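Asker: Input: one structure, supplied below.
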Amino acid sequence: ILAENGSNGHYFGAKTTYMDLCLFAFLIIMREPNEKAIPDRNEFFSEANAPGLNKVFQTVQSDPAAAAYVASLK
């Protein structure tokens, strides 16, 4: 889906959508260290293995329209 949308850092169109926000929140949770963490999750979601997902993460993180949401998760 990301490639079909031009690998522009969004799942659909050129603006941050609910799907982009959901992926952002998911990656925040997956990157949190905790006792029940999935083994090798950092490798699985690394820039090398998941460049499209990381691009969405970076795009949402830098989107002024999503700034309040991003701040609420930190």
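The values are calculated or read from the model by the stated rules, or taken from the named source; none is laboratory data. Computed from a prediction, not measured in an experiment: that's the story for all the values here. Counting neighbours? That spans all protein chains shown, and the Cβs are built from the backbone with ideal geometry, glycine included. To get the accessible areas, we keep the full protein, side chains included, count just its heavy atoms, and leave off ligands, DNA and RNA. Shrake-Rupley method; radii C 1.70, N 1.55, O 1.52, S 1.80 Å.
Asker: Can you pull out the residues in the stretch 31-54 that are acidic (Asp, Glu) and assigned to a helix (DSSP H, G or I)?
Answerer: Result: Glu43, single match.
Asker: Next question, about the same structure. With the structure loaded, tell me whether Lys15 is part of a loop (DSSP other than H, G, I, E, B), touching a residue at least 40 places away in the same chain (Cβ under 8 Å) and charged (D, E, K, R) or whether it fails that test. Reasoning before the result, please.
Answerer: Numbers: part of a loop (DSSP other than H, G, I, E, B): yes; touching a residue at least 40 places away in the same chain (Cβ under 8 Å): yes; charged (D, E, K, R): yes.
When the stated conditions are applied, Lys15 passes them.
Asker: Within the stretch 4-49, restricting attention to residues that are out of contact with any helix residue (DSSP H, G or I) (no Cβ under 7 Å at 6 or more places or on another chain) and small (Gly, Ala, Ser), which residue is surrounded by the fewest Cβ atoms within 10 Å (Cβ to Cβ)?
Answerer: Among those that are out of contact with any helix residue (DSSP H, G or I) (no Cβ under 7 Å at 6 or more places or on another chain) and small (Gly, Ala, Ser), it is Ala48.
Asker: Looking for whichever is open to solvent by less than 90 Å² (accessible area, probe 1.4 Å), closer than 18 Å to Ser7 by Cβ, over 10 Å from the mean Cα position of the chain (by Cα) and at pLDDT 90 or above here; the options are Ser72, Ser62. Which one fits?
Answerer: Of the residues listed, the single one that is open to solvent by less than 90 Å² (accessible area, probe 1.4 Å), closer than 18 Å to Ser7 by Cβ, over 10 Å from the mean Cα position of the chain (by Cα) and at pLDDT 90 or above is Ser62.
Asker: Would you check if there is a residue in the stretch 50-58 being more than 12 Å from the chain's Cα centre (by Cα) and surrounded by 11 or more Cβ atoms within 10 Å (Cβ to Cβ)?
Answerer: no
Asker: A further question follows. Output the residues belonging to the stretch 1-53 that are modelled with pLDDT of 95 or more, of a type in the set (S, T, N, Q) and closer than 18 Å to Leu73 by Cβ.
Answerer: Thr16, Thr17
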